[in-house]
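Participant: Just passing along the structure, written as structure tokens.
The values are calculated or read from the model by the stated rules, or taken from the named source; none is laboratory data. Quick caveat, the model's predicted, so the values are computed rather than measured. Positions of Cβ are backbone-derived with ideal geometry, glycine not excepted, and every protein chain shown enters the neighbour counts. To get the accessible areas, we keep the full protein, side chains included, count just its heavy atoms, and leave off ligands, DNA and RNA. Shrake-Rupley method; radii C 1.70, N 1.55, O 1.52, S 1.80 Å.
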Amino acid sequence: MDKTFQPATIETRWYQEWEDSGYFAPQGGERAYSIMIPPPNVTGSLHMGHGFQEAIMDALIRYHRMLGYNTLWQVGTDHAGIATQMVVERQLEAEGIDRHDLGREKFVEKVWEWKEQSGGTITRQLRRLGSSLDWSRERFTMDPGLSLAVQEVFIRLYREGLIYRGQRLVNWDPVLHTAISDLEVLSQEEKGHLWHFHYPLAGGEGHLTVATTRPETMLGDTAVAVHPEDERYAHLIGRTVSLPLCNREIPVIADDYVDREFGTGCVKITPAHDFNDYDMGKRHGLPMINILDDNAAMNGNAPAPYRGLDRFEARQRIVADLDSMGLLGKVEDHTLKVPRGDRSGVVIEPYLTNQWYVDARELAKPAIAAVEDGDIRFVPKQWENTYFAWMRDIQDWCISRQLWWGHRIPAWYDEDGNFYVGESEAAVRKEHGLGDDSSLRQDEDVLDTWFSSALWTFSTLGWPEETEELATFHPSSVLVTGFDINFFWVARLIMMTLHFRKEVPFH
């Protein structure tokens, strides 16, 4: 016998024995008990938060297994669209290869190769923890069965009018060239400046002064807003000002959103490059002028001297030009929240693009009722209040991503830009009577990773087939996860499961 205890050797050997003997698989029994593991990203490695939640789940599963329940602890990993694509792109860059040189098909092959070689870190760590997961049922969000479920959900939601394509503002990452979710944006305080610009009144008698932290966006201004009860500017509402550098006149409008106490009480409105301005622009029917391209450089809608300039270079040039024209007032030091992409670290731009959306308001109604009625309980209970606050103010969900790794959107476009949704190009041609001589191209975008993981509780059990496992283990008994993804994952699980299964995903 060894003089010292060697846990690595002993625990690894016994765990393999348990797994090989099938001790973690469901054993039958009248009462079922099931937990779906929150699928960790295939790119990652476990941290202490994972370790904590796996310990809670393992305790619950082992306890109910010993009580004689028919227990299932479902294991699997998430394909992690942006994170995985970045890992593989960086490996290729180290070899001097750009993914565009490879092309989409060969790049995706490279990602699958990486997944087979390096994507097992998480599952090895779960085994090393002693977690009694049913490895015989391991799933991956890009495996054929789950991909079929994703396609089925997209097509059904589209045909029910709950998925649509539209042009709206998104969080745009100018390095990754994709829309990203709010969860993937980190807003952090940074030191910057507040520039005060004079916009001359169109009649020539004086000016309005606006303050901005992003001077480059002024090229896309379509109004100046004041508070309707601000006596300083009441006589100017309905007048126009001359937008410097742009040879355009823009209106002075009144809106309750304006904070009279901030800056001068006059706010420049750029609907295509600011989320609050976008809402105001819709309320007042303002034009939306996009002045940036995918790289966050000035596009053809910007005045000629600034076209092609990076946004921050354009900022310096605009400030200098306004200063030389006598239209720059004071410049103040200012601490502001700067949104940065959690993957790229680059400053994120609100950007007007065509994307696919889910009508989340409609899906949220039964999801709110399920918690109100007690069909789903949050522990601790106070998280119900946060859930309700999110769900009652929910916005439509942008589900498209401009990536190559992920579930490609099942939509095809003809030469006139009309699109058709279906299982395949052949199915689309047949359904819509499109001959083989007509040109069709599939949508380049893939679905947000959260879209596929929102189906996790039922897609892992074989849906859309009505399997024995689905009848036995769904709804699942409990979900153990971090509160930080209550909205981005948990709420979407509830919405999707109620819509497609007419039952809660967990109790």
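Participant: Can you say whether Ser476 is buried (at least 22 other Cβ atoms within 10 Å of the Cβ) and closer than 17 Å to Ser400 by Cα, as far as the supplied structure shows?
Facilitator: The answer is no for Ser476.
Participant: With respect to the numbered conditions (1) part of a loop (DSSP other than H, G, I, E, B); (2) open to solvent by 80 Å² or more (accessible area, probe 1.4 Å); (3) of a type outside the set (S, T, N, Q); (4) out of contact with any strand residue (DSSP E or B) (no Cβ under 8 Å at 6 or more places or on another chain), which one is the sole condition not fulfilled by Arg90?
Facilitator: Result: Arg90 fails condition (1) only.
Participant: Here's another thing I want to ask about it. Search the stretch 245-283 for residues being over 21 Å from Leu322 (Cβ atoms) and among the aromatic types (Phe, Trp, Tyr), and hand back the single one that is most open to solvent (accessible area, probe 1.4 Å).
Facilitator: Tyr257
Participant: Is there a residue in the stretch 32-41 that is open to solvent by less than 40 Å² (accessible area, probe 1.4 Å), closer than 21 Å to Gly81 by Cβ and in a strand (DSSP E or B)?
Facilitator: yes
Participant: Give the residues of the stretch 42-81 that are outside any helix (DSSP H, G or I), within 29 Å of Ser147 (Cβ to Cβ) and of a type outside the set (A, V, I, L, M, F, W, C), sorted by residue number.
Facilitator: The answer is Thr43, Gly44, Ser45, His47, Asn70, Thr71, Gln74, Gly76, Thr77, Asp78, His79.
Participant: From the list Leu176, Leu157, Leu148, Leu186, which one is out of contact with any Ser or Thr (no Cβ under 7 Å at 6 or more places or on another chain) and either modelled with pLDDT under 95 or part of a strand (DSSP E or B) (or both)?
Facilitator: None of the other options fit; the residue is Leu186.
Participant: Pull up the stretch 259-282, narrow it to residues that are in contact with a helix residue (DSSP H, G or I) (Cβ under 9 Å, 6 or more places away or on another chain) and among the aliphatic types (A, V, I, L, M), then point me to the one that is farthest from Thr222 (Cα to Cα).
Facilitator: Val267
Participant: Please work out if Gly238 is part of a loop (DSSP other than H, G, I, E, B) and buried (at least 19 other Cβ atoms within 10 Å of the Cβ).
Facilitator: So Gly238 fails the test.
Participant: Evaluate the stretch 491-502: report whether one residue or more is open to solvent by 40 Å² or more (accessible area, probe 1.4 Å), charged (D, E, K, R) and under 21 Å from Pro366 (Cα atoms).
Facilitator: yes
Participant: Now a separate question. Do you know which residues across the stretch 137-167 are open to solvent by 60 Å² or more (accessible area, probe 1.4 Å) and touching a Gly at 6+ places or on another chain (Cβ under 7 Å)?
Facilitator: Residue satisfying the conditions is Glu138 alone.
Participant: Does the stretch 319-367 hold any residues that are more than 22 Å from Ile180 (Cβ to Cβ), in contact with a helix residue (DSSP H, G or I) (Cβ under 7 Å, 6 or more places away or on another chain) and open to solvent by 20 Å² or more (accessible area, probe 1.4 Å), and which are they?
Facilitator: Val319, Leu328, Pro366
Participant: Same structure, new question: Against the definition (part of a loop (DSSP other than H, G, I, E, B), among the basic types (Lys, Arg) and more than 17 Å from Asp274 (Cα to Cα)), how does Arg232 come out, yes or no?
Facilitator: Considered against the rule, which asks whether it is part of a loop (DSSP other than H, G, I, E, B), among the basic types (Lys, Arg) and more than 17 Å from Asp274 (Cα to Cα), Arg232 comes out as yes.
Participant: Something else about it: Does Pro200 satisfy the criteria of being buried (at least 21 other Cβ atoms within 10 Å of the Cβ) and either over 23 Å from Ala360 (Cα atoms) or out of contact with any strand residue (DSSP E or B) (no Cβ under 9 Å at 6 or more places or on another chain) (or both)?
Facilitator: Here the answer is no, as Pro200 does not meet what is asked.
Participant: Cβ-Cβ distance below 6 Å, separation of 6 or more or different chains: which pairs start in the stretch 385-412 with a residue that is assigned to a helix (DSSP H, G or I) and end on one that is of a type in the set (Gly, Ala, Ser) and surrounded by fewer than 22 Cβ atoms within 10 Å (Cβ to Cβ)?
Facilitator: Filtered contacts from the stretch 385-412: Met391/Ala364.
Participant: Tell me yes or no: at least one residue of the stretch 479-502 is under 18 Å from Arg401 (Cα atoms) and modelled with pLDDT under 95.
Facilitator: yes
Participant: Then there is this: Return the residues of the stretch 424-438 that are open to solvent by less than 60 Å² (accessible area, probe 1.4 Å) and part of a loop (DSSP other than H, G, I, E, B); say none if nothing qualifies.
Facilitator: Once the filter is applied, which keeps residues that are open to solvent by less than 60 Å² (accessible area, probe 1.4 Å) and part of a loop (DSSP other than H, G, I, E, B), the stretch 424-438 yields Ser424, Leu434, Gly435, Ser438.
Participant: Given the criterion out of contact with any Phe, Trp or Tyr (no Cβ under 8 Å at 6 or more places or on another chain), on the phi < 0 side of the Ramachandran plot, assigned to a strand (DSSP E or B) and polar (S, T, N, Q), identify the matching residue among Thr353, Thr335.
Facilitator: That would be Thr335, the only listed residue that is out of contact with any Phe, Trp or Tyr (no Cβ under 8 Å at 6 or more places or on another chain), on the phi < 0 side of the Ramachandran plot, assigned to a strand (DSSP E or B) and polar (S, T, N, Q).
Participant: Return the pairs, sorted by first residue and then second, in which the second residue is open to solvent by 70 Å² or more (accessible area, probe 1.4 Å) and not in a helix (DSSP H, G or I), the first residue lies in the stretch 179-207 and is within 15 Å of Leu245 (Cα to Cα), the beta carbons are less than 7 Å apart, and the residues are 6+ apart or on different chains.
Facilitator: What qualifies is His198/His207; Tyr199/His207; Pro200/His207; Leu201/His207; Leu201/Arg239; Ala202/Arg239; Ala202/Glu249.
Participant: Is it fair to say Phe451 is on the phi < 0 side of the Ramachandran plot, in contact with a Ser or Thr (Cβ under 7 Å, 6 or more places away or on another chain), aromatic (Phe, Trp, Tyr) and not in a loop (DSSP other than H, G, I, E, B)?
Facilitator: For Phe451, the condition - on the phi < 0 side of the Ramachandran plot, in contact with a Ser or Thr (Cβ under 7 Å, 6 or more places away or on another chain), aromatic (Phe, Trp, Tyr) and not in a loop (DSSP other than H, G, I, E, B) - is not met.
Participant: Given the options Asp58, Asp101, Asp20, name the one that is over 30 Å from Gln402 (Cα atoms) and loosely packed, with under 15 Cβ neighbours inside 10 Å.
Facilitator: Exactly one of Asp58, Asp101, Asp20 is over 30 Å from Gln402 (Cα atoms) and loosely packed, with under 15 Cβ neighbours inside 10 Å, namely Asp20.
Residue-wise test of (1) modelled with pLDDT under 95; (2) charged (D, E, K, R).
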position: Val347; (1), (2): no, no
position: Trp356; (1), (2): no, no
position: Ala367; (1), (2): no, no
position: Ala370; (1), (2): no, no
position: Asp373; (1), (2): no, yes
position: Gln382; (1), (2): yes, no
position: Thr386; (1), (2): yes, no
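Participant: If I ask for residues that are open to solvent by 70 Å² or more (accessible area, probe 1.4 Å), in contact with a Phe, Trp or Tyr (Cβ under 9 Å, 6 or more places away or on another chain) and closer than 22 Å to Leu208 by Cα, which ones from the stretch 284-307 would you list?
Facilitator: If the condition is that a residue be open to solvent by 70 Å² or more (accessible area, probe 1.4 Å), in contact with a Phe, Trp or Tyr (Cβ under 9 Å, 6 or more places away or on another chain) and closer than 22 Å to Leu208 by Cα, then no residue fits.
Participant: In addition: Of all residues in the stretch 120-156, how many are basic (Lys, Arg) and under 16 Å from Thr457 (Cβ atoms)?
Facilitator: 2
Participant: Any residue in the stretch 108-128 that's farther than 15 Å from Met86 by Cα and part of a helix (DSSP H, G or I): show its pairings with residues that are modelled with pLDDT under 90 and open to solvent by 90 Å² or more (accessible area, probe 1.4 Å) at Cβ separation under 8 Å, as long as the two are six or more apart or on different chains.
Facilitator: none
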